[in-house]
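The values are calculated or read from the model by the stated rules, or taken from the named source; none is laboratory data. What you see is a predicted model; the values in this text were computed from it and never measured. Here the Cβ positions follow ideal geometry from the backbone for every residue, glycine too, while neighbour counts run over all protein chains shown. Surface accessibility is based on the protein's heavy atoms, side chains included, excluding ligands, DNA and RNA. Shrake-Rupley method; radii C 1.70, N 1.55, O 1.52, S 1.80 Å.
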Amino acid sequence: MRTTAAHFATDDGVRLHYLEAGRGRPLIFLPGWTQPAAGFSRQLAALSDTFRCLALDFRGHGESDRPTHGYRVSRLARDCLAFLDHLGLEDAVLLGHSAGCVVIWSFIDLFGEDRVRALVLCDEPIAFIERPDWSESQCREYGASVDASAAFAQAAAIAGPDGERVLRDFLASEFSPEVPDAEVARVIDGSLGMPRSAAADLMLSVMQADFRDLLPRIRRPALCIGGSRSHLGPGVMPWIASRIPNAQLVMLDARHFVHLENPDAFNSAVRGFCERLETASP
């Protein structure tokens with residue numbers, strides 16, 4: 001199925017780019033921090049025979065504009081609302097990888113679930129920053145792995161003079177050793193197009209988010225996909241799935257980039273989940 005590219009403008013004048021392929025139930029792909037929509041090319045190729053696949057470049061990412069403002073989770077959620085408005089969609093399945101999940105949680109928190117048919121959440125912690133009153137087991141379940149000072153230091157390093165190397169090392173560490181170097185390089189190159197200061201601002205916004213209280217209030221069908229060898233640890237996605245009523249869980253043999261490392265299993269899980277939606281009550 002042929003993939004086409006298009007743009008639309010947000011209410012603050014930012015031109016956002018997206019990819020589209022196929023027809024059917026709309027399936028919207030939201031990439032992780034600094035990642036472009038093109039990172040979902042294997043999903044668009046495999047799933048567009050049945051679904052209308054749409055992959056969005058967030059502001060500052062991929063082929064979208066790079067404004068000097070708006071690099072926070074709530075603004076990206078509003079951009080997603082503008083995307084639905086532009087397309088006239090009322091029943092989309094939202095699929096987020098990594099920070100794309102945080103944007104989905106923010107979208108639901110701000111705008112509700114009326115225009116969402118279902119969710120696919122892929123390998124993202126519910127909270128990054130440890131709190132002093134959390135036990136070790138809670139930190140493992142939430143995915144909290146740094147204190148506040150370490151979070152700010154990491155963002156400062158990304159924005160600093162050695163930011164490109166820091167980003168390269170950070171992303172390379174999220175892949176399994178058997179992933180070809182060329183594939184890792186492609187992902188890293190796709191991230192380097194985002195301005196370093198914008199990447200740092202968005203990183204802090206993502207790391208400070210905490211949507212634990214939202215999960216039990218989600219009423220749409222949800223599929224949680226995790227990497228069994230992810231740097232987040234094996235308990236994060238199972239805990240998130242346990243908190244969303246009637247959520248399904250799939251753990252794949254992969255690290256963080258589950259859709260790239262194990263695309264066949266990933267696409268099969270997404271396809272099966274979305275096809276079951278068609279036979280379930282709306």
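Tabulated data
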{"item": "Most to least packed among 121-127, 148-154 [average Cβ atoms within 10 Å]", "result": "121-127, 148-154"}
{"item": "Square roots of five times the Cα gyration tensor eigenvalues for the chain, Å", "result": "25, 22, 19"}
{"item": "Calculated on alpha-carbon atoms, Rg and Dmax of the range 38-112 in Å", "result": "12.7, 38"}
{"item": "Kirkwood-based shape ratio for the range 15-153, expressed as Rg/Rh from alpha carbons", "result": "1.01"}
{"item": "Global size of the range 130-239 as Cα Rg and Dmax, reported in angstrom", "result": "15.9, 45"}
{"item": "10 Å-binned pair-distance histogram of the range 196-282 (Cα, whole percent)", "result": "16, 36, 37, 11, 1"}
{"item": "Cα point-scatterer Debye curve for the range 160-219, base-10 log of I(q)/I(0) at q = 0.21 Å⁻¹", "result": "-0.87"}
{"item": "Protein-only accessible surface order, largest first, of 197, 191, 135 at 1.4 Å", "result": "197, 135, 191"}
{"item": "Whole-Hz couplings from phi, Karplus 6.51/-1.76/1.60, listed for the range 212-227; x for Gly and Pro", "result": "4, 6, 7, 3, x, 8, 6, 10, 8, x, 9, 10, 10, 10, x, x"}
{"item": "Taking only Cα atoms of the range 75-175, radius of gyration then Dmax in Å", "result": "16.6, 45"}
{"item": "Unit Cα scatterers, Debye sum, the range 1-88: log10 I(q)/I(0) for q = 0.23 Å⁻¹", "result": "-1.12"}
{"item": "The range 33-176 - accessible surface per residue (Å², probe 1.4 Å)", "result": "37"}
{"item": "Percent carbon-and-sulfur accessible area, the range 163-282, ignoring ligands, DNA and RNA, probe 1.4 Å", "result": "51"}
{"item": "Top of 214, 56, 76 by mean-square fluctuation, Gaussian network on the chain, Cα under 10 Å", "result": "214"}
